[in-house]
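The values are calculated or read from the model by the stated rules, or taken from the named source; none is laboratory data. These figures come from a predicted structure and were not determined experimentally. Please note: Cβ atoms are built from the backbone with ideal geometry, for glycine as well, and neighbour counts cover all protein chains shown. These accessible areas exclude ligands, DNA and RNA; they are computed on the full protein's heavy atoms, side chains included. Shrake-Rupley method; radii C 1.70, N 1.55, O 1.52, S 1.80 Å.
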Amino acid sequence: MSLGPVGSVLFSAQDYWYHNRAHSDVQLARALSADRPVLLVNSLGMRMPRRGSTTQPLRRVARKLGSTLRALRRPEPGHPRLYVMTPISVPVFASPRLSRLNAWSVRLQVRLAARLVGIRVPDVLVTLPTAWEVARRLRSRSVVVNRSDRYSSLPEADAELIGGLERSMLRACDAAVYVSAELMAEEQPLVRAGSGQAVLLGHGVDLAHFDPAAPGAEPADLAAVPHPRVGFFGGIDDYVVDLPLVRRLAQALPEASVVLVGAATCPLDELLALPNVHWLGMKPYEEIPRYGAGFDVAIMPWLQNDWIRFCNPIKTKEYLALGLPVVTTPYPEASAHSDVLAIAQGPEDFIAKVAQALAGEPVGTPERRRASVLADSWSSRADVLRTLFEGRGD
């Protein structure tokens, strides 16, 4: 029996309108939309913002309101089948009664939006655990969970609540795809217990966007920063980025400029007090390769915690696609690229490896680094999802 036009609904962990669009949810939605309508449902959040326990609560409320007011849109001419919506939603997940009411309301909005864009019975892809109460009651052809991170390890999350939602959706899904082999190994028994399939998907990379031959003119604010440049682009969060390590690096290598490109959700006063640290702020995704191409060495100074343990940063492949020398603190997925990444064991080793790369002795060559990710396009990742959708659909 035909279920109507094939389409996908993706419950994102990010918001298209104000998070960096390099995130995997946006990239997968774009790639899937090559042959079907895709409705990207912006993040429903994971907790109610509160003064004293949530960073920048008023800013978060304001930007979510602005996102909601954009309603349902088709934002990218280059991806005409991609639609984005932000439902009217209140993050009241800790209250079962209010949570069910909120999920019912959001589900009605998603159903209506899906119908409007030509999707009747979708393949559902769920990244954010708090969207599970909405997604699980949608009439769907298949349900795939996207494990891009362990969200119960997020410092601001209610670990018990989010962990329970994660377990619930893993037991009920048709398949779960993972960016981290470490996380998949831990959760695979739970997925299989519910008769689902666990698949290592990994992250992709936009190879055309991060082409070292394509960036063009160097941005003016970066051009004002002297070489040699040690650079980082991405979100600057104090539960992810080891800011004391960045400070030690800048102090140990005063002849180098430490360049940070990205939005910061934490104070950077101590870092910016150093004369060789330059924070250029958040830049549009379209401009990121021009900044990265201007780095002499790229860094990934991660903290050692459960969030990092189960993640697989997209910027690893973006740096490598640009051919950049890369120095990183250890995380499990880094070992897959040990032939082209310098993986430091401790702060002193991190500083030493950055100095070595600046001295002209990096790990790998630019050509070898880019070649290591040439098979990892987002289209190839979307093809895996299509296979899983078709395997579960009629």
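Look through Ala114, Ala94 and report the one residue that is within 15 Å of Leu10 (Cα to Cα) and among the small types (Gly, Ala, Ser).
Numbers: Ala94 fails: within 15 Å of Leu10 (Cα to Cα).
Among Ala114, Ala94, only Ala114 is within 15 Å of Leu10 (Cα to Cα) and among the small types (Gly, Ala, Ser).
Given the criteria in contact (Cβ under 8 Å) with a residue 40 or more places away in the chain, under 19 Å from Gly323 (Cα atoms) and open to solvent by 70 Å² or more (accessible area, probe 1.4 Å), does His203 qualify? Against the criterion (in contact (Cβ under 8 Å) with a residue 40 or more places away in the chain, under 19 Å from Gly323 (Cα atoms) and open to solvent by 70 Å² or more (accessible area, probe 1.4 Å)), His203 does not qualify. Take the conditions (1) over 24 Å from Asp15 (Cβ atoms); (2) at pLDDT below 95; Asp174 misses just one of them, which is (2).
Restricted to region 162-182, and to residues there that are open to solvent by 30 Å² or more (accessible area, probe 1.4 Å) and of a type outside the set (D, E, K, R), the residue that is nearest to Phe93 (Cα to Cα) is Ser168.
Entry remark, region 337-352: residues being open to solvent by 50 Å² or more (accessible area, probe 1.4 Å) and among the charged types (D, E, K, R) number 2 in total.
Residues of region 71-104 that are surrounded by 15 or more Cβ atoms within 10 Å (Cβ to Cβ), assigned to a loop (DSSP other than H, G, I, E, B) and either touching a Gly at 6+ places or on another chain (Cβ under 8 Å) or not β-branched (Val, Ile, Thr) (or both): Leu72, Glu76, His79, Arg81, Pro87, Ser89, Pro91, Phe93. Restricting the search to region 224-243, which residues are at pLDDT 95 or above and open to solvent by 60 Å² or more (accessible area, probe 1.4 Å)? Ala224, Pro226, His227 - these are the residues of region 224-243 that are at pLDDT 95 or above and open to solvent by 60 Å² or more (accessible area, probe 1.4 Å).
Taking Val61, is it open to solvent by 30 Å² or more (accessible area, probe 1.4 Å) and either modelled with pLDDT of 95 or more or assigned to a loop (DSSP other than H, G, I, E, B) (or both)? Taking the combined requirement at face value, the residue does not satisfy it.
Considering Ala159, Ala185, Ala193, which residue is modelled with pLDDT under 95, closer than 24 Å to Ile308 by Cα and either open to solvent by 20 Å² or more (accessible area, probe 1.4 Å) or in contact with a Leu (Cβ under 6 Å, 6 or more places away or on another chain) (or both)?
Details: Ala185 fails: modelled with pLDDT under 95; Ala193 fails: closer than 24 Å to Ile308 by Cα.
On inspection, the qualifying residue turns out to be Ala159.
The set of residues from region 167-182 being free of Cβ contacts under 8 Å to residues at least 40 places away in the same chain and over 20 Å from Trp307 (Cβ atoms) comprises Ser168, Arg171, Ala172. Which one is farthest from Arg21 (Cα to Cα) among residues in region 244-261 that are touching a residue at least 40 places away in the same chain (Cβ under 8 Å) and open to solvent by less than 30 Å² (accessible area, probe 1.4 Å)? It comes out as Leu253. Filtered by the rule that a residue be under 22 Å from Asp376 (Cβ atoms) and surrounded by 16 or more Cβ atoms within 10 Å (Cβ to Cβ), region 210-223 gives Phe210, Pro212, Pro215.
For residues that are in contact with a helix residue (DSSP H, G or I) (Cβ under 8 Å, 6 or more places away or on another chain) and in a helix (DSSP H, G or I), scanning just region 357-376, find the one that is most open to solvent (accessible area, probe 1.4 Å). Looking at the filtered set, the residue picked out is Arg370. Taking first residues from region 284-309 that are of a type in the set (S, T, N, Q) and partners that are in a loop (DSSP other than H, G, I, E, B) and open to solvent by less than 50 Å² (accessible area, probe 1.4 Å), the Cβ contacts under 8 Å between residues at least 6 apart in sequence or on separate chains come to Gln304/Thr329; Gln304/Pro330. Of all residues in region 263-279, those satisfying the criterion of being in a loop (DSSP other than H, G, I, E, B), modelled with pLDDT of 95 or more and open to solvent by less than 70 Å² (accessible area, probe 1.4 Å) are Leu268, Leu274, Asn276.
Of all the numbered requirements in (1) free of Cβ contacts under 8 Å to residues at least 60 places away in the same chain; (2) closer than 30 Å to Arg115 by Cα; (3) open to solvent by less than 10 Å² (accessible area, probe 1.4 Å), Arg139 misses one, and that requirement is (3).
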